[in-house]
Amino acid sequence: MADYNEMWKELGMNLEEHDKLCEVLPQAFGDVFLTQENRPEAMDYYNFVIAEIHGVRPKELIEHKKNGGKVFGTFCIYVPDEIIFAADAIATGLCGGSQFWVPGGEKVLPVNTCPLIKASVGARLDKTCPFFRIADMYIGETTCDGKKKAWEILAEDVPFYVMDLPQMKRRKDVTAWKEEIEDLKKKVEEFTGNRITEESLKKAISLINEKRKALMRLYNCRKQKVLPISGRDALVIMQIAFYDDPERFTQMTNKLCDELEQRIEQGISVVKEGTKRILVTGTPLAVPNWKLHNIIETSGGVVVCEEMCTGTRYFEQLVDETKVTLDEQIEALANRYMQINCACFTPNEARIDDIIRLAKEYKADGIINLNLKFCNLYATETYKVERELRKEGIPVLSIETDYTDSDSEQLRTRIGAFIEML
Ligand code: BJ8
C-alpha cells in the first residue's frame, strides 16, 4: 500500500491503533481471496480497492472536500443516495464489519448490541477508520432500537441527521417516507449550499440506477449452472459498491460482467460440478466480514446469492426514471425504497416470498439463514423463514454469529454437515 500516513494524521486518526488494523487486513484478504483458483481477471480492480481501502477512496473524498464538496456517511440502504449525489455531494457507506472496532463500541454501548452497531460506533470513537473521519455529516435511520440509541451517542461527536423510517407499508407510510425524503433534501441542500434541481436529481437517479443494473448483471451471471465467479468475490464487490465512486464502480463491474458472460459461454466455472449451491439470507455482511462465505466455500459449497442488504436488497428495484417534476421524482424514490424488505417492517412476508423466489432463480440447493448476534429483528423472523422454507421443501440452516473467530470451527462443522446432507 502507498504511504498515507500524512493524510491519516491530518484526519486526526489514532495512527498507532490504526496500524494494527493495517497489519491484519492484507493477511485476512490474502487468506480468503487470493487462495481461490481461476478467479476472473477483472477482479484485479477490486483487489486493488481493498488493498488500498483506507487510502485511495479516502484521498478522493478529501479532494472533493478541498473543492468545497461535502461527504455524507450512511448506515442503511433505505437512505436514498440519489438525494446526496444530486446536491454534488458524495455518499459513503459506514457500516463496520470488523471485530477490530467492536471493543471501542462496547465502551459506550451495552455488550448485547449487535456487532454491526458496536463496530460502527467504535470505528468513529476510536478514530481508526478514515471514512468515519472524512464524512461531514452522518445520516442515520430509525430501523432498530440499537441503531436509534447509538445515533444519539454518535451525534455528540459528529453532525448527525436521522430519517424516521416507517415500519409498515401502508399507503400512508409510503407518503410519510416521501416526506422524510423531502426533509432530507432540504437538510442536504442547506448543509451543502447546493440546490437540488429536476435536472440534478434526474442525473443522480440514473447514476444509481446504472450501478444497480451492473449489479443485476453480475447476479444474473450467478444464476447460471456454469458459475463464473465465487460467492466471496461477489460479496466483496457488493461491499465495495457502498463506498466506491458510483460511475467508476459501474464501469468496472460491467467490464467484469463482460468477462463473466464470456466464461459462461465457454463453460468456465470456478467450482467443480456438483458443488452445492447456497443462498444466504439475513443480516448484512459489512466489509470486511467475509467469515461466512469463506467457511461455506471451503466446506464444499458455493454461495450463489445473498438475500441481504449487502446483496439483492441493495439493487433489485430501479427508480422510475420517467418522472419529470421534483415532486414526482421524490415520489418515485419513496416508492422504490419502500419495496425493500427489512425485518424492521411488520408484516414482512414479502421477504419470505423473495427468499423462495431467489432460491428458485439461483437454483439453490440449500439456504443458510444468518443472524448477527443480538439482532432481535432477524432472529425473530427466523421462525417464519424456516417454517415457510420447509413447506417449500427447501433445506435451511439457521446460524447466529458475531465478528469474532471464536466459533469458526463450530460453524465449519455445522455448515459442513449441512452441505453434505444436501
Ligand atoms: S435495511 S438490515 S441496513 S436496518 S443487524 S443494525 S437491523 S440489530 S443493519 Fe440493516 Fe437497514 Fe435493515 Fe438493511 Fe439493527 Fe439488526 Fe444490527 Fe441491522
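The values are calculated or read from the model by the stated rules, or taken from the named source; none is laboratory data. This one's a predicted model, so the numbers in the text were calculated from it and none came from an experiment. Glycine gets a Cβ as well: all are built from the backbone with ideal geometry, and neighbour counts include every protein chain shown. Accessible surface is based on the protein model in full, side chains and every heavy atom, while ligands, DNA and RNA are left aside. Shrake-Rupley method; radii C 1.70, N 1.55, O 1.52, S 1.80 Å.
Can you confirm whether L109 is in contact with a helix residue (DSSP H, G or I) (Cβ under 6 Å, 6 or more places away or on another chain), aliphatic (A, V, I, L, M), modelled with pLDDT of 95 or more and within 16 Å of the ligand (Cβ to nearest atom)? The answer is yes for L109. Within region 297-324, residues that are closer than 20 Å to G97 by Cα have Cβ atoms under 7 Å from residues that are open to solvent by 10 Å² or more (accessible area, probe 1.4 Å) and among the β-branched types (V, I, T) in these pairs: C309/I77; R313/I77; Y314/I77, counting only partners at least 6 apart in sequence or on another chain.
When the criteria are applied in full, T143 fails the requirement of being of a type in the set (S, T, Y), in a helix (DSSP H, G or I) and either away from the ligand (no atom under 16 Å from the Cβ) or under 30 Å from G12 (Cβ atoms) (or both). Tallying residues that are of a type outside the set (G, A, S), within 16 Å of V158 (Cβ to Cβ) and assigned to a loop (DSSP other than H, G, I, E, B) within region 88-108 yields 3. N341 meets the stated requirement of being of a type in the set (S, T, N, Q), under 24 Å from R170 (Cα atoms) and within 16 Å of the ligand (Cβ to nearest atom). Within region 70-87, if we keep just the residues that are under 19 Å from V319 (Cα atoms) and open to solvent by 20 Å² or more (accessible area, probe 1.4 Å), the residue that is nearest to the ligand (Cβ to nearest atom) turns out to be C76.
Based on what the data block shows, is D126 within 30 Å of T197 (Cβ to Cβ), at pLDDT 95 or above, more than 20 Å from the chain's Cα centre (by Cα) and not β-branched (V, I, T)? So D126 fails the test. Taken residue by residue, region 363-378 has at least one member that is touching an Asp or Glu at 6+ places or on another chain (Cβ under 6 Å) and open to solvent by less than 20 Å² (accessible area, probe 1.4 Å).
For region 275-333, the candidate set comprises residues that are acidic (D, E) and crowded, with 21+ Cβ neighbours inside 10 Å; within that set, the residue that is farthest from the ligand (Cβ to nearest atom) is E297. With respect to (1) among the β-branched types (V, I, T); (2) in contact with a helix residue (DSSP H, G or I) (Cβ under 7 Å, 6 or more places away or on another chain); (3) in a helix (DSSP H, G or I); (4) away from the ligand (no atom under 16 Å from the Cβ), the lone exception for V226 is condition (3).
Evaluate region 270-282: report whether one residue or more is under 15 Å from the mean Cα position of the chain (by Cα) and part of a helix (DSSP H, G or I). Checking region 270-282: not a single residue is under 15 Å from the mean Cα position of the chain (by Cα) and part of a helix (DSSP H, G or I). Does region 118-131 contain any residue that is outside any helix (DSSP H, G or I), surrounded by fewer than 24 Cβ atoms within 10 Å (Cβ to Cβ) and either free of Cβ contacts under 8 Å to residues at least 12 places away in the same chain or more than 11 Å from the ligand (Cβ to nearest atom) (or both)? Scanning region 118-131, I find at least one residue that is outside any helix (DSSP H, G or I), surrounded by fewer than 24 Cβ atoms within 10 Å (Cβ to Cβ) and either free of Cβ contacts under 8 Å to residues at least 12 places away in the same chain or more than 11 Å from the ligand (Cβ to nearest atom) (or both), so the answer is yes. Screening K149 on (1) within 16 Å of the ligand (Cβ to nearest atom); (2) within 19 Å of the chain's Cα centre (by Cα) shows it passes everything except condition (2). T143: touching a residue at least 24 places away in the same chain (Cβ under 8 Å) and open to solvent by less than 20 Å² (accessible area, probe 1.4 Å), yes or no? Yes, satisfied.
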